[in-house]
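Novice: Quick one: the structure is below, questions incoming.
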Amino acid sequence: MSSIETGLFLGRIPFAKVGRRPESLIVINGGQGFMMKPEPSRLEKDARRLKRILPPDMSFVLISYDPDPKDDVSLRNMARDISEIIDTNLNKPARLMGISYGGVVATNVAAHYPDSVEKLILLASAHGLSADGKKRLHRQIQFAKDEQFHALLEEFATVFRRPWLNLLLRFRLMFKRRLIARMGAQSSIVRYLEAMLHNNVTNEDLRNISARTLILGGERDQFFSSGMMEAAASGIGGAKLMVLAEETHMAPVERASDVRKHIQEFI
């Protein structure tokens, strides 16, 4: 695998860069980017996992989240930061992919800064959460506020389609002290989760997206199914929707080869 360069954009937002090609794919990390401490080793691990679902030899930049945000934490402000990063550090217009939480951020980037994005991929994501996803979000916020980090992590022990993967995650959660020690700051986790409550991407915002768009996820996604991916595809002109039958929020892990194939064909 190519060497991984880590650093900070805007002096505060962690990133990991793989490869040297100027036409890099920019990827906004999922919620683990603020749930866990953004140590270089953690970002490198996320980058290696990401490599499994991307075309061979593709250069990419994985962008995470400010671990100690000073400004108001909102989807709009995160989108503003990504647009600034693209303008000052990367090639514009960009090929932008958002994973899960990062996909909602990416939607905001493409909607409010359309000149910054040429191609948009929403992976296991949409422009907003489903009703079930919002219920899960409320539980996560309460666990984070109460500093019940083990319960917060257990929220993800049912998201795989394959039962043995859920059991494996539960086994890892038995070593809770080690995992909790890797968690990010409680106040930051709460602020990022609550920011999703105030996400207000409208149909007009979706119509403002000019980037070629691919929406790719599982039919039974626990956060973004129930018509949310379909609604995003309907609202974004010319968007391509690929729903993997029977798959859940962890489709990128459980169907890595299919996800890679669809991303490669789109790019």
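Just so you know, all these numbers are worked out from the coordinates, no wet-lab data involved. Quantities reported herein were computed from a predicted structural model and do not represent experimental measurements. Positions of Cβ are generated from backbone atoms using ideal geometry, with glycine treated the same way; all protein chains shown enter the neighbour counts.
Novice: Reachable aspartates and glutamates from residue 134, Cα under 20 Å, same-chain residues fewer than 8 places away excluded?
Specialist: 146, 147, 154, 155, 194, 219, 221, 230, 247
Novice: Separate question: Quick one: work out the % antiparallel among DSSP beta bridges in segment 1-99, nearest 5.
Specialist: 55
Novice: How large is the charge dipole for segment 1-152, taken about the Cα centre, if only the Cβ atoms of Lys, Arg (+1) and Asp, Glu (-1) carry charge, to the nearest 20 debye?
Specialist: So the magnitude is around 460 debye.
Novice: What pairs from 240/261; 45/240; 37/145; 70/92; 17/45 go past 19 Å between their alpha carbons?
Specialist: Pairs exceeding 19 Å: 45/240; 70/92.
Novice: Would you kindly derive the ³J(HN,Hα) couplings of segment 126-142 from the backbone phi angles with the Karplus curve 6.51 cos²θ - 1.76 cosθ + 1.60 (θ = phi - 60°), listing them in order in whole Hz, with x for Gly and Pro?
Specialist: For segment 126-142, the Karplus curve yields 7, 7, x, 7, 6, 4, 5, x, 5, 5, 5, 4, 4, 5, 4, 4, 5 Hz.
Novice: Additional query: From the phi angles alone, apply the Karplus equation (6.51, -1.76, 1.60; θ = phi - 60°) to segment 238-252 and give each ³J(HN,Hα) in whole Hz, x where the residue is Gly or Pro.
Specialist: For segment 238-252, the Karplus-derived couplings read x, 5, 9, 10, 10, 10, 8, 4, 6, 7, 10, 4, 9, 3, x Hz, x marking Gly and Pro.
Novice: Where both residues lie in the chain, what percent of DSSP beta bridges are antiparallel, nearest 5?
Specialist: So the antiparallel bridges in the chain amount to around 30 percent.
Novice: Out of residues 5 or more away from residue 250 or on other chains, whose amide H comes under 5 Å of its own, with H placed 1.01 Å from N in the peptide plane?
Specialist: Residues meeting the criterion, in which the H sits 1.01 Å from N, are 161.
Novice: Turning to a different aspect of this structure: If you average 1/r over every pair of different alpha-carbon atoms in segment 1-94 and take one over that average, what Kirkwood value in Å do you get?
Specialist: 13.6
Novice: Rank 114, 102, 130 by how far each Cα sits towards the positive end of the charge dipole of segment 83-139 (+1 on Lys, Arg Cβ; -1 on Asp, Glu Cβ) and give me just the farthest.
Specialist: Most positive-ward Cα: 130.
Novice: Once the Cα gyration tensor of the chain is found, what semi-axes does its equivalent ellipsoid get, as square roots of 5 times the eigenvalues, in whole Å, sorted largest first?
Specialist: Taking √(5λ) for each eigenvalue gives 25, 21, 20 Å, largest first.
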